[in-house]
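Asker: Structure provided below as structure tokens; questions to follow.
The values are calculated or read from the model by the stated rules, or taken from the named source; none is laboratory data. Nothing here was measured: the structure is a model prediction, and the numbers come from that model. Quick reminder, even Gly has a Cβ in these numbers, built from the backbone with ideal geometry, and neighbours come from all protein chains shown. The area values use the complete protein model at the heavy-atom level, side chains included, leaving out ligands, DNA and RNA. Shrake-Rupley method; radii C 1.70, N 1.55, O 1.52, S 1.80 Å.
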Amino acid sequence: MRSSAALALTGFSLIAVTYGMARFSWGLMLPSISADIPFSPQQAGLLSACSFVAYCLTILTAAALADRYGARLTALLAALSAASGLLLLACASSPLLLATGLFVAGLSSGLASPALAAAVSNRIAAADQPRINTLINAGTSAGIILTVVILSVLPGGWRAACLLFALLSLACLLPVMRVLSVHAAGRAARVSRGFPRLYGHAMRRLMGIALVSGLVSAAWWSFGSALLRQHVGVDAETARLLWLVAGGAGIVGAATGPVAARIGLNAVYRLSLCGMALPLLVLAFSHGESAGLLIAVACCGAGYVTLSGVLLVWGAQATAEEPATGVGILFFMLAVGQVAGSLLFGQLYAALGAITALTLFALTALILLFITPSQNSDASDE
């Protein structure tokens with residue numbers, strides 16, 4: 001029990017820095033960074049895509065790395081790449097240097113997920129794996145909460161915040177060294193060999209769901225803060241508070257496993273999609289502060305973290321003998337969708353305006369309500 005708790009806490013912390021800080025803090029810092037280093041909405045989309053491209057590249061190779069050198073080294077590289085990328089961001093003086101920092105920082109999340117998935121699949125009993133995996137996955141929200149708090153209280157603005165984020169990333173090195181086994185990659189070997197296989201119709205549908213989910217999520221996580229400031233018209237402090245609400249609400253994703261055991265994964269999946277789509281419509285037609293806006297951003301954070309938890313559990317179940325394989329495939333497709341979504345939303349935002357762009361992305365999410373992994377997936381939820 002102590003071993004599983006230590007692994008969960010270590011994984012939760014690593015996900016907090018690699019996802020919440022190294023990857024998703026960009027969306028919150030975007031208005032401040034663009035004030036210091038000017039760039040267009042199209043360039044903002046390209047910059048946002050850098051992090052997701054890096055994730056795609058590393059998640060394709062991280063399983064093989066964990067197989068060869070162990071989950072511990074792979075997780076250490078995740079923490080180091082997060083720290084390095086954030087240091088580059090803190091020192092950036094041009095869009096090119098920002099892109100470099102975002103790319104290096106983005107490598108961290110692609111390294112962290114396969115390493116932790118391999119460790120969980122090797123050290124945790126199969127019945128407990130969904131609970132531990134979804135708990136670790138909720139670390140994203142903790143990282144987002146800390147990001148908001150640090151940006152709000154730390155003197156020095158976004159550059160000082162990036163320096164502190166880098167130090168927190170380095171702080172993860174010790175627990176990773178102590179908790180993760182050097183050779184906790186027994187199943188990762190099968191990840192690298194099995195990755196090209198599609199595992200049949202259900203897995204292909206899941207890949208499509210993950211792709212579109214990633215595309216839709218990019219509207220908020222890449223442009224949320226900018227939309228709140230430029231389109232909705234809230235001030236900087238209110239935007240940070242709303243980002244904090246989104247991150248805090250995402251903690252409910254830790255309950256994905258237990259809730260799914262009661263009402264089924266399909267029901268949780270549909271609720272999380274609504275939690276992603278409806279807030280985009282609220283953002284599209286909101287002007288100024290309102291209770292509806294507060295609820296919307298909370299649903300947005302909870303919806304994304306919960307949906308990623310659902311995909312994590314479904315991926316592990318779809319490749320039951322190689323759970324890290326399914327997780328890696330679906331998280332890869334999620335990131336591919338986020339790359340496309342960042343680029344597409346940036347173009348739509350610049351050409352057609354926020355209302356049209358947000359409405360189109362919301363409708364895309366609602367279409368997924370009619371798509372499940374397989375026709376008999378409800379039965380498999382029981």
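Asker: Report, in debye and to the nearest 20, how large the dipole of the chain comes out about its Cα centre when Lys and Arg carry +1 and Asp and Glu carry -1 on their Cβ.
Answerer: Its charge dipole is roughly 740 debye.
Asker: I need the P(r) histogram for segment 44-117: all alpha carbon pairs, bin width 10 Å from 0 out to the longest distance, whole percents.
Answerer: So the P(r) values, bin by bin, are 24, 48, 23, 5.
Asker: Okay, moving on. How high is the relative contact order of the chain, given as a whole-number percent (alpha carbon pairs under 8 Å, six or more residues apart)?
Answerer: 25
Asker: Okay, next question. Counting only Cα, what are the radius of gyration and maximum Cα-Cα distance Dmax of segment 238-358, in Å?
Answerer: Both quantities, over Cα of segment 238-358: 15.9, 51 Å.
Asker: Could you tell me the accessible area of residue 201 in Å² (1.4 Å probe, neighbours in place), rounded to the nearest ten?
Answerer: The value for residue 201 is about 110 Å².
Asker: Going through the DSSP H helices of the chain, which span 24 Å or more along their own axis at the Cα atoms while scoring at least 0.0 as a mean Kyte-Doolittle hydropathy?
Answerer: Length and hydropathy pass: 41-69, 71-91, 95-123, 200-227, 265-284, 291-318, 323-352.
Asker: Charges on Cβ only, +1 for Lys and Arg, -1 for Asp and Glu, centred on the Cα centroid of segment 225-382; of 346, 236, 281, which one is farthest towards the dipole's positive end?
Answerer: 236
Asker: Moving on. How long are the three semi-axes of the equivalent ellipsoid for segment 10-74, computed from the Cα gyration tensor as the root of 5 times each eigenvalue, in whole Å, largest first?
Answerer: The equivalent ellipsoid of segment 10-74 has semi-axes of 30, 15, 7 Å.
Asker: Taking the C-alpha atoms of the chain, how large are the radius of gyration and the largest Cα-Cα span, Dmax, in Å?
Answerer: My reading of the Cα-based Rg and Dmax gives 19.0, 55 Å.
Asker: Among 62, 112, 236, which one shows the highest mean-square fluctuation when the chain is modelled as a Gaussian network with alpha-carbon springs under 10 Å?
Answerer: Among 62, 112, 236, the largest mean-square fluctuation in the Gaussian network model of the chain belongs to 236.
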